[in-house]
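S.K.: Let me begin by handing over the structure; questions about it come next.
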Amino acid sequence: MRRILLMGMGLILAVVATAQDPHFSQFFSSPLTLNPAFTGKFFGTYRVAGNYRNQWPSINNAFTTATASVDFQVMQNKMATGDAWGVGIMGFNDNSSNGAVQFNYGSISTAYHKSFDEDGMHQIGLGIQGTFANMLINTSSLNFEDQLTTAGFTRLTSEIFNASNLKSSYFDLNAGLLYNGSTNDRNNFYLGVSMYHINRPKQSFTGAEYLLKPRTNIHAGGYFPVGATTTLHLSGSQSFQAQTSQTIIGGALQLNANPDQPDGTSLYIGAWMRLKDALIPYLGIEFNNFRIGATYDYNTSSLRTASMNRGGIEVSLIYIRRPNTDRPVNCPKF
(Lines give C-alpha, C1' and ligand atoms only; values in the text may rest on other atoms or scores of the structure.)
Protein backbone atom coordinates (compact mmCIF):
# COMPACT_ATOMS: atom_id res chain seq x y z
CA MET A 1 0.00 0.00 0.00
CA ARG A 2 2.77 2.41 0.91
CA ARG A 3 4.58 1.79 -2.36
CA ILE A 4 1.40 2.41 -4.30
CA LEU A 5 0.79 5.62 -2.35
CA LEU A 6 4.29 6.96 -2.96
CA MET A 7 4.07 6.09 -6.64
CA GLY A 8 0.76 7.95 -6.76
CA MET A 9 2.27 10.98 -5.03
CA GLY A 10 5.17 10.88 -7.47
CA LEU A 11 2.71 10.86 -10.35
CA ILE A 12 0.90 13.86 -8.85
CA LEU A 13 4.17 15.75 -8.59
CA ALA A 14 5.05 14.85 -12.16
CA VAL A 15 1.75 16.35 -13.28
CA VAL A 16 2.32 19.45 -11.13
CA ALA A 17 5.83 19.84 -12.51
CA THR A 18 4.54 19.96 -16.10
CA ALA A 19 1.36 21.95 -15.41
CA GLN A 20 0.73 25.55 -14.46
CA ASP A 21 1.92 27.22 -11.27
CA PRO A 22 -0.59 28.41 -8.68
CA HIS A 23 -2.35 31.51 -10.00
CA PHE A 24 -4.76 34.26 -8.98
CA SER A 25 -7.79 35.41 -10.93
CA GLN A 26 -7.04 38.88 -9.53
CA PHE A 27 -3.56 38.89 -11.07
CA PHE A 28 -3.87 42.68 -11.26
CA SER A 29 -4.00 42.79 -7.43
CA SER A 30 -0.92 40.61 -6.87
CA PRO A 31 1.96 42.62 -8.38
CA LEU A 32 4.93 40.63 -7.04
CA THR A 33 3.57 37.29 -8.31
CA LEU A 34 2.84 38.84 -11.72
CA ASN A 35 6.22 40.42 -12.46
CA PRO A 36 9.28 41.14 -10.26
CA ALA A 37 9.61 44.42 -12.21
CA PHE A 38 6.52 45.73 -10.37
CA THR A 39 8.61 45.89 -7.19
CA GLY A 40 8.57 49.48 -5.94
CA LYS A 41 6.36 50.64 -8.81
CA PHE A 42 3.62 52.58 -7.01
CA PHE A 43 2.82 56.09 -5.73
CA GLY A 44 3.72 55.90 -2.06
CA THR A 45 6.38 55.09 0.53
CA TYR A 46 5.48 51.41 0.93
CA ARG A 47 2.86 48.92 -0.26
CA VAL A 48 1.38 45.92 1.55
CA ALA A 49 -0.57 43.34 -0.46
CA GLY A 50 -2.37 40.11 0.40
CA ASN A 51 -4.35 37.56 -1.61
CA TYR A 52 -6.32 34.44 -0.75
CA ARG A 53 -7.88 31.94 -3.16
CA ASN A 54 -9.98 28.84 -2.51
CA GLN A 55 -10.33 26.94 -5.77
CA TRP A 56 -13.15 24.40 -6.19
CA PRO A 57 -14.48 24.85 -2.61
CA SER A 58 -17.11 22.19 -3.28
CA ILE A 59 -14.30 19.57 -3.36
CA ASN A 60 -13.17 19.92 0.29
CA ASN A 61 -10.50 22.62 -0.10
CA ALA A 62 -8.97 21.06 -3.20
CA PHE A 63 -6.59 24.01 -3.65
CA THR A 64 -6.07 27.00 -1.35
CA THR A 65 -3.48 29.66 -2.14
CA ALA A 66 -2.40 32.69 -0.09
CA THR A 67 0.29 35.32 -0.40
CA ALA A 68 1.44 38.38 1.54
CA SER A 69 4.02 40.94 0.43
CA VAL A 70 5.51 44.32 1.21
CA ASP A 71 7.62 46.46 -1.11
CA PHE A 72 9.09 49.94 -0.86
CA GLN A 73 11.44 52.37 -2.58
CA VAL A 74 15.01 52.91 -1.42
CA MET A 75 17.55 55.74 -1.86
CA GLN A 76 14.83 58.07 -3.10
CA ASN A 77 16.91 61.17 -2.39
CA LYS A 78 19.77 59.85 -4.53
CA MET A 79 17.73 58.79 -7.57
CA ALA A 80 17.58 60.90 -10.73
CA THR A 81 14.27 62.64 -11.35
CA GLY A 82 11.70 60.09 -12.49
CA ASP A 83 13.83 57.07 -11.53
CA ALA A 84 12.98 54.63 -8.74
CA TRP A 85 14.58 51.61 -7.08
CA GLY A 86 12.33 49.15 -5.26
CA VAL A 87 12.88 46.24 -2.87
CA GLY A 88 10.22 43.71 -1.81
CA ILE A 89 9.69 40.55 0.21
CA MET A 90 6.89 38.02 -0.19
CA GLY A 91 5.56 34.84 1.41
CA PHE A 92 3.51 32.37 -0.63
CA ASN A 93 1.61 29.26 0.48
CA ASP A 94 -0.19 26.73 -1.73
CA ASN A 95 -2.07 23.74 -0.29
CA SER A 96 -3.67 20.84 -2.14
CA SER A 97 -6.00 18.04 -1.00
CA ASN A 98 -7.08 19.85 2.16
CA GLY A 99 -3.48 20.52 3.19
CA ALA A 100 -2.05 17.05 2.50
CA VAL A 101 0.37 18.50 -0.08
CA GLN A 102 1.94 21.85 0.81
CA PHE A 103 4.24 24.28 -0.99
CA ASN A 104 5.75 27.24 0.87
CA TYR A 105 7.77 30.01 -0.78
CA GLY A 106 9.80 32.96 0.51
CA SER A 107 10.93 35.60 -2.02
CA ILE A 108 13.10 38.71 -2.18
CA SER A 109 12.84 40.96 -5.23
CA THR A 110 14.35 44.19 -6.47
CA ALA A 111 13.66 46.38 -9.50
CA TYR A 112 15.08 49.54 -11.03
CA HIS A 113 12.83 51.87 -13.02
CA LYS A 114 14.54 54.25 -15.46
CA SER A 115 12.70 57.30 -16.79
CA PHE A 116 12.86 58.32 -20.45
CA ASP A 117 11.98 61.95 -19.68
CA GLU A 118 12.33 64.55 -16.92
CA ASP A 119 8.70 64.24 -15.83
CA GLY A 120 8.83 60.45 -15.50
CA MET A 121 5.91 59.99 -17.90
CA HIS A 122 7.57 57.01 -19.57
CA GLN A 123 9.69 54.43 -17.78
CA ILE A 124 11.17 51.00 -18.27
CA GLY A 125 11.89 48.72 -15.34
CA LEU A 126 13.95 45.58 -14.83
CA GLY A 127 13.32 43.31 -11.86
CA ILE A 128 14.76 40.08 -10.46
CA GLN A 129 13.43 37.80 -7.75
CA GLY A 130 15.00 34.97 -5.78
CA THR A 131 12.75 32.40 -4.13
CA PHE A 132 13.39 29.65 -1.63
CA ALA A 133 10.75 26.93 -1.99
CA ASN A 134 9.84 24.08 0.32
CA MET A 135 7.35 21.29 -0.44
CA LEU A 136 6.10 18.45 1.72
CA ILE A 137 3.41 15.82 2.15
CA ASN A 138 1.64 16.01 5.51
CA THR A 139 1.18 12.31 6.32
CA SER A 140 -1.18 13.12 9.21
CA SER A 141 -3.70 14.35 6.61
CA LEU A 142 -3.63 11.08 4.66
CA ASN A 143 -6.04 8.17 5.10
CA PHE A 144 -5.42 4.50 4.25
CA GLU A 145 -7.50 1.46 3.51
CA ASP A 146 -6.66 -0.29 6.80
CA GLN A 147 -8.08 2.70 8.75
CA LEU A 148 -11.55 2.38 7.24
CA THR A 149 -14.41 1.21 9.48
CA THR A 150 -18.16 1.63 9.39
CA ALA A 151 -17.63 4.84 11.38
CA GLY A 152 -15.09 6.24 8.92
CA PHE A 153 -11.28 6.32 8.98
CA THR A 154 -10.99 5.60 12.71
CA ARG A 155 -8.38 2.81 12.97
CA LEU A 156 -4.63 3.35 13.27
CA THR A 157 -2.76 2.66 10.09
CA SER A 158 0.06 0.14 9.80
CA GLU A 159 1.86 2.33 7.27
CA ILE A 160 5.20 3.76 8.46
CA PHE A 161 6.76 6.79 6.82
CA ASN A 162 10.25 8.18 6.78
CA ALA A 163 9.51 11.89 7.09
CA SER A 164 12.78 12.85 5.42
CA ASN A 165 11.52 11.27 2.20
CA LEU A 166 8.43 13.50 2.20
CA LYS A 167 10.16 16.90 2.12
CA SER A 168 12.10 18.77 -0.53
CA SER A 169 13.41 22.29 -1.13
CA TYR A 170 15.01 24.26 -3.94
CA PHE A 171 16.04 27.77 -5.05
CA ASP A 172 14.14 29.52 -7.86
CA LEU A 173 15.12 32.51 -10.00
CA ASN A 174 12.62 34.86 -11.68
CA ALA A 175 12.93 38.09 -13.68
CA GLY A 176 10.83 40.59 -15.63
CA LEU A 177 10.69 43.71 -17.78
CA LEU A 178 8.05 46.44 -17.55
CA TYR A 179 7.21 49.48 -19.69
CA ASN A 180 5.00 52.07 -18.03
CA GLY A 181 3.63 55.29 -19.54
CA SER A 182 1.13 58.14 -19.29
CA THR A 183 0.05 61.07 -21.40
CA ASN A 184 -1.42 63.03 -18.47
CA ASP A 185 -2.16 62.61 -14.75
CA ARG A 186 -5.47 60.81 -15.40
CA ASN A 187 -4.32 57.85 -17.45
CA ASN A 188 -1.69 55.11 -17.38
CA PHE A 189 -0.78 52.09 -19.45
CA TYR A 190 1.77 49.30 -19.03
CA LEU A 191 3.18 46.31 -20.88
CA GLY A 192 5.34 43.69 -19.23
CA VAL A 193 6.86 40.27 -19.63
CA SER A 194 8.10 38.03 -16.83
CA MET A 195 9.73 34.62 -16.66
CA TYR A 196 9.68 32.29 -13.68
CA HIS A 197 11.86 29.21 -12.96
CA ILE A 198 14.63 30.55 -15.21
CA ASN A 199 17.12 28.18 -13.62
CA ARG A 200 14.75 25.19 -14.01
CA PRO A 201 15.10 24.09 -10.37
CA LYS A 202 15.15 20.39 -9.58
CA GLN A 203 12.33 18.97 -7.45
CA SER A 204 13.37 15.74 -5.68
CA PHE A 205 10.71 13.64 -4.01
CA THR A 206 10.42 9.96 -3.02
CA GLY A 207 13.50 9.14 -5.06
CA ALA A 208 12.26 10.78 -8.27
CA GLU A 209 13.48 14.06 -9.75
CA TYR A 210 11.63 16.61 -11.89
CA LEU A 211 12.84 19.80 -13.56
CA LEU A 212 10.37 22.63 -13.01
CA LYS A 213 9.27 24.02 -16.37
CA PRO A 214 9.84 27.76 -17.02
CA ARG A 215 6.72 29.93 -17.06
CA THR A 216 6.42 33.05 -19.22
CA ASN A 217 3.76 35.70 -18.62
CA ILE A 218 2.88 38.59 -20.93
CA HIS A 219 0.62 41.19 -19.35
CA ALA A 220 -0.78 44.59 -20.18
CA GLY A 221 -3.24 47.04 -18.74
CA GLY A 222 -4.15 50.62 -18.11
CA TYR A 223 -6.80 53.08 -17.05
CA PHE A 224 -8.32 56.22 -18.51
CA PRO A 225 -11.28 58.50 -17.67
CA VAL A 226 -14.66 57.94 -19.29
CA GLY A 227 -16.43 60.67 -17.32
CA ALA A 228 -15.89 63.28 -14.64
CA THR A 229 -16.14 60.70 -11.83
CA THR A 230 -15.67 57.43 -13.74
CA THR A 231 -12.48 55.65 -14.80
CA LEU A 232 -12.20 52.49 -16.88
CA HIS A 233 -9.53 49.95 -15.88
CA LEU A 234 -8.54 47.23 -18.37
CA SER A 235 -5.99 44.42 -18.03
CA GLY A 236 -5.02 41.09 -19.52
CA SER A 237 -2.58 38.28 -18.85
CA GLN A 238 -1.28 35.48 -21.07
CA SER A 239 0.89 32.78 -19.50
CA PHE A 240 2.69 29.77 -20.96
CA GLN A 241 4.19 26.81 -19.12
CA ALA A 242 5.16 23.50 -20.71
CA GLN A 243 2.21 22.47 -22.92
CA THR A 244 -0.35 24.62 -21.09
CA SER A 245 -1.45 28.23 -21.45
CA GLN A 246 -3.89 30.57 -19.78
CA THR A 247 -5.53 33.79 -20.96
CA ILE A 248 -7.37 36.25 -18.69
CA ILE A 249 -8.86 39.51 -19.97
CA GLY A 250 -11.36 41.99 -18.55
CA GLY A 251 -11.91 45.29 -16.84
CA ALA A 252 -13.78 47.30 -14.25
CA LEU A 253 -15.35 50.72 -13.88
CA GLN A 254 -14.13 52.88 -11.00
CA LEU A 255 -16.91 55.09 -9.63
CA ASN A 256 -15.21 57.83 -7.61
CA ALA A 257 -17.22 59.57 -4.92
CA ASN A 258 -14.39 62.08 -4.26
CA PRO A 259 -12.64 62.69 -7.60
CA ASP A 260 -10.65 65.66 -6.29
CA GLN A 261 -9.08 63.71 -3.41
CA PRO A 262 -6.15 61.30 -4.02
CA ASP A 263 -7.35 59.03 -1.21
CA GLY A 264 -11.10 59.36 -1.86
CA THR A 265 -13.65 56.56 -1.80
CA SER A 266 -14.29 54.55 -4.97
CA LEU A 267 -16.40 51.57 -5.96
CA TYR A 268 -15.14 49.11 -8.61
CA ILE A 269 -17.52 46.95 -10.64
CA GLY A 270 -16.42 44.69 -13.47
CA ALA A 271 -15.54 41.22 -14.67
CA TRP A 272 -12.68 39.24 -16.13
CA MET A 273 -12.79 36.04 -18.16
CA ARG A 274 -10.37 33.12 -18.14
CA LEU A 275 -10.88 31.87 -21.67
CA LYS A 276 -12.38 28.38 -21.99
CA ASP A 277 -12.64 28.11 -18.21
CA ALA A 278 -14.48 30.72 -16.14
CA LEU A 279 -16.32 34.03 -15.92
CA ILE A 280 -14.98 36.13 -13.03
CA PRO A 281 -17.21 38.94 -11.67
CA TYR A 282 -15.29 41.52 -9.63
CA LEU A 283 -16.36 43.93 -6.89
CA GLY A 284 -13.96 46.26 -5.11
CA ILE A 285 -13.92 49.23 -2.78
CA GLU A 286 -11.16 51.77 -2.17
CA PHE A 287 -10.92 54.10 0.85
CA ASN A 288 -8.19 55.66 3.02
CA ASN A 289 -5.40 54.13 0.89
CA PHE A 290 -6.95 50.63 1.19
CA ARG A 291 -8.33 48.66 -1.73
CA ILE A 292 -10.31 45.48 -1.12
CA GLY A 293 -11.40 43.25 -4.00
CA ALA A 294 -13.46 40.09 -4.28
CA THR A 295 -14.07 37.73 -7.21
CA TYR A 296 -15.95 34.52 -7.70
CA ASP A 297 -15.03 32.17 -10.55
CA TYR A 298 -18.12 30.88 -12.28
CA ASN A 299 -16.85 27.76 -14.00
CA THR A 300 -17.86 27.45 -17.66
CA SER A 301 -15.54 24.64 -18.80
CA SER A 302 -16.17 20.89 -18.90
CA LEU A 303 -15.32 20.79 -15.18
CA ARG A 304 -18.54 22.61 -14.32
CA THR A 305 -20.37 19.35 -13.63
CA ALA A 306 -17.90 18.25 -10.95
CA SER A 307 -17.40 21.77 -9.55
CA MET A 308 -21.13 22.65 -9.76
CA ASN A 309 -20.04 25.79 -11.67
CA ARG A 310 -18.08 26.97 -8.61
CA GLY A 311 -14.51 27.57 -9.71
CA GLY A 312 -13.23 29.50 -6.69
CA ILE A 313 -13.58 32.49 -4.40
CA GLU A 314 -10.78 35.02 -4.10
CA VAL A 315 -10.16 38.15 -2.04
CA SER A 316 -7.38 40.74 -2.24
CA LEU A 317 -6.19 43.61 -0.06
CA ILE A 318 -3.72 46.35 -0.94
CA TYR A 319 -2.61 49.21 1.31
CA ILE A 320 -0.33 51.98 0.03
CA ARG A 321 1.12 54.55 2.41
CA ARG A 322 0.95 57.83 0.52
CA PRO A 323 3.92 60.24 0.64
CA ASN A 324 3.73 63.81 1.88
CA THR A 325 3.66 65.32 -1.60
CA ASP A 326 1.04 66.60 -3.99
CA ARG A 327 3.05 65.52 -7.03
CA PRO A 328 1.66 62.18 -8.27
CA VAL A 329 3.98 59.51 -9.64
CA ASN A 330 3.21 57.80 -12.94
CA CYS A 331 2.34 54.23 -11.91
CA PRO A 332 0.02 51.33 -12.74
CA LYS A 333 -2.84 50.98 -10.30
CA PHE A 334 -3.51 47.66 -8.55
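The values are calculated or read from the model by the stated rules, or taken from the named source; none is laboratory data. As the structure is a prediction and not an experimental result, all values here were calculated from the model. Ideal geometry is used to build each Cβ from the backbone, glycine not excepted, and the neighbour counts take in all protein chains shown.
S.K.: Within segment 179-202, which residues are part of a strand (DSSP E or B), buried (at least 19 other Cβ atoms within 10 Å of the Cβ) and touching an Asp or Glu at 6+ places or on another chain (Cβ under 9 Å)?
M.R.: Answer for segment 179-202, where residues must be part of a strand (DSSP E or B), buried (at least 19 other Cβ atoms within 10 Å of the Cβ) and touching an Asp or Glu at 6+ places or on another chain (Cβ under 9 Å): just 196.
S.K.: Further question: State the number of residues belonging to segment 256-270 that are loosely packed, with under 15 Cβ neighbours inside 10 Å and assigned to a strand (DSSP E or B).
M.R.: Number satisfying all stated conditions: 1.
S.K.: What are the residue pairs meeting all of these: first residue in segment 304-332, first residue within 21 Å of residue 27 (Cβ to Cβ) and of a type in the set (D, E, K, R), second residue part of a loop (DSSP other than H, G, I, E, B) and at pLDDT 90 or above, Cβ atoms under 7 Å, and 6 or more apart or on different chains?
M.R.: Once the first residue is within 21 Å of residue 27 (Cβ to Cβ) and of a type in the set (D, E, K, R) and sits in segment 304-332, its partners that are part of a loop (DSSP other than H, G, I, E, B) and at pLDDT 90 or above give 314/24; 314/25; 314/26.
S.K.: Which one is nearest to residue 248 (Cα to Cα), of the residues in segment 209-219 that are assigned to a strand (DSSP E or B) and more than 15 Å from the chain's Cα centre (by Cα)?
M.R.: So, considering only residues that are assigned to a strand (DSSP E or B) and more than 15 Å from the chain's Cα centre (by Cα), the one nearest to residue 248 (Cα to Cα) is 211.
S.K.: Also, quick follow-up: Do you know which residues across segment 77-109 are buried (at least 19 other Cβ atoms within 10 Å of the Cβ), of a type in the set (Ser, Thr, Tyr) and closer than 19 Å to residue 179 by Cα?
M.R.: 109
S.K.: Do the conditions hold for residue 131, that is, is it surrounded by fewer than 22 Cβ atoms within 10 Å (Cβ to Cβ) and in contact (Cβ under 8 Å) with a residue 12 or more places away in the chain?
M.R.: So residue 131 fits the description; yes.
S.K.: Further, regarding this structure: Is there a residue in segment 32-44 that is surrounded by fewer than 23 Cβ atoms within 10 Å (Cβ to Cβ) and within 16 Å of residue 323 (Cα to Cα)?
M.R.: Scanning segment 32-44 turns up at least one residue that is surrounded by fewer than 23 Cβ atoms within 10 Å (Cβ to Cβ) and within 16 Å of residue 323 (Cα to Cα).
S.K.: Now for a separate question. Output the number of residues of segment 205-215 satisfying the condition of being without any contact (Cβ under 8 Å) to a residue 40 or more places away in the chain and loosely packed, with under 15 Cβ neighbours inside 10 Å.
M.R.: 1
S.K.: Please find, within segment 261-315, the residue that is modelled with the lowest pLDDT out of those that are on the phi > 0 side of the Ramachandran plot and in contact with a helix residue (DSSP H, G or I) (Cβ under 8 Å, 6 or more places away or on another chain).
M.R.: Within segment 261-315, the match that is modelled with the lowest pLDDT is 308.
S.K.: Next question. Can you run down the residue pairs with Cβ atoms below 7 Å, 6 or more apart or on separate chains, where the first is in segment 73-99 and within 18 Å of residue 110 (Cβ to Cβ) and without any contact (Cβ under 8 Å) to a residue 60 or more places away in the chain and the partner is charged (D, E, K, R) and not in a loop (DSSP other than H, G, I, E, B)?
M.R.: Partner pairs satisfying both residue conditions: 83/114; 86/71; 87/71; 88/71.
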